[in-house]
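Scroll down for the structure; my scribbles are underneath it.
Here, each number is a calculation from the coordinates, and none is a lab measurement. Predicted, not measured: the structure shown is a model, and the values here were computed from it. We place every Cβ from the backbone using ideal geometry, glycine too, and count neighbours over all the protein chains shown.
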Amino acid sequence: MNRTFLPLLMEWPDIAAKSVRLQVTNSAAASLHRGHPWLYTERIKQESHQGQAGDLAVVFDAKKRFVAVGLYDPHSPIRMRALRASKPGPVDADFFAERIRQSLARRQPLLKTATDGYRMVHGESDGMPGMVIDRYAETAVVKLYTLAWLPHLSSCLVCLLEQQPFTRIVLRLSRSMRQHPECLHGLEDGQVIYGDPIRETLTCIENGLRFEVDPVRGQKTGFFLDQRENRAQVEKMARGRRVLNAFSYNGGFSLAAARGGATEVTSLDQSSPALESSKRNFNLNADIPAVAQAKHLTIADDAFKAMAELVKQKQKYDLVIIDPPAFAVRRSQVKEALNSYGRLAHLGINLLADGGDIILASCSNPVSPEDFRQTVCAAAERAGRPLHAITETSHALDHPLDFAESRYLKCLFARA
Ligand code: SAH
């Protein structure tokens, strides 16, 4: 047992006593007043001095009135992430403790659902811009998107541990942070910064289903926590059906369908390790009779190619789930992304048995829900199978949406 923090973290240099004063454009001030937490460099008219990452920055408007206070990062195009706007107030350990307490309180309803894998702190939407904390049973995974959190990290994590007694905390660093090793003083992405090293495979429970989690090498922080409610919905639709789960990763939707009584589930992903993990996840849940009875098949291939091949073979499924990775991160990629969603929808509908259901998700942030829906519907029309009984879902309770940039997930359920 080694339930202590990495000494490096406890000895992190203090922030400067003097905060950086930033005078900003009127539009930036208005946006911060409205609660948008980001201040881009180009919207700063005057900067008192160049501070260090993590120093506090106080923002003023042209008339020198207080606008916001937040974390300063000289290495990021987002120069300041606001913690308080419109009304000044302290930013200290008590402040962080309160934000973390509120985040945890928001998730209370989840604890009644046999779920110990969920997002505890969702960055901007929980008032902790640039910090995500995911819980996987007794392990917390803290993902940072700005160097500005580093001087404050140990005090935040002490608050976290007071509220939830984790046995381990894993640190994940964004790509942009990893580009500044000189600011990391030896901290590494994937490092265990508190508690025991990871020796065994970690697991978490989602709605009573067990999943392996690899917080160091896995995608995101180890599991796609954002699809929990959509998986639960799929479970309700699966009885007696033949299911195709494209872009299956480690089989989240596949397991849900199996427990819901699907007779056969095919997981399709280009990643063989992800498919191997999905097979292990079926084994982990083999004590559930419906999971043990469902036939689980895997296809390791490009989904576009494999689905076209399945169409050629005249395969039909009663339930087709398509949950690809983000196709667009910038506006300039939206057209191409919509084109890909259209192709996938067309392929999926051609694989759908009469009266079957298709579930299509998009986690491309710049793709609007309207464009996504329209593209999918148009593809269905082209395939001669117009969609009906369409419902759309968005974010679950642990991925709150207080902030436009965090509105990425769209999921469409429809019958054709
Ligand atoms: N549906 C999953 C999450 C999907 S993440 C869940 O519920 O957890 C996206 C997945 O798509 C990854 O596993 C990745 O390996 C896979 N992938 C990316 N591009 C692909 C492609 N062209 N063909 C097949 N799989 C692909």
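The table below lists the values:
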quantity: Label-point separation in nm, residue 40 to residue 184, each point 7 Å along Cα→Cβ; calculated: 2.7
quantity: Packing-based exposure ordering (other Cβ within 10 Å, fewest first) of 104, 397; calculated: 397, 104
quantity: Sequence-separation-based contact order of segment 1-64, relative, with Cα cut under 8 Å and 6+ spacing, percent; calculated: 48
quantity: Net lengthening on full extension, residue 382/residue 49 (0.36 nm per residue, minus Cα-Cα); calculated: 114.0 nm
quantity: Helix axis angle, 228-237 relative to the chain longest principal axis, alpha carbon, degrees; calculated: 10
quantity: For 40, 408, 145, 72, order by how many other beta-carbon atoms lie within 10 Å, fewest first; calculated: 40, 408, 145, 72
quantity: Listed residues 235, 276, 200, most fluctuating in the chain (Gaussian network, C-alpha, under 10 Å); calculated: 200
quantity: The chain: relative contact order as a whole-number percent, Cα under 8 Å and 6+ apart; calculated: 11
quantity: Segment 1-95: GluC sites (Glu not before Pro) falling in loop per DSSP and having at most 15 other Cβ within 10 Å; calculated: 11
quantity: Listed residue pairs exceeding 32 Å between alpha carbons, taken from 143/335; 64/335; 112/279; calculated: 64/335
quantity: In degrees, nearest ten, helix 334-350 long axis to first principal axis of the chain (Cα); calculated: 30
quantity: Exposure proxy order (Cβ contacts within 10 Å, fewest to most) of 199, 217, 119, 407; calculated: 199, 217, 407, 119
quantity: ³J(HN,Hα) computed for each position of segment 243-256 - Karplus, 6.51 cos²θ - 1.76 cosθ + 1.60, integer Hz, glycine/proline x; calculated: 10, 10, 10, 8, 6, 7, 6, 8, x, x, 5, 5, 5, 4
quantity: Helical contribution to [θ] at 222 nm, DSSP H n ≥ 4, -39,500 (n - 2.57), averaged over the chain, rounded to 500; calculated: -8500 deg cm²/dmol
quantity: Overall form of segment 174-256 per C-alpha gyration tensor (a/c, 1.5; a/b vs b/c); calculated: prolate
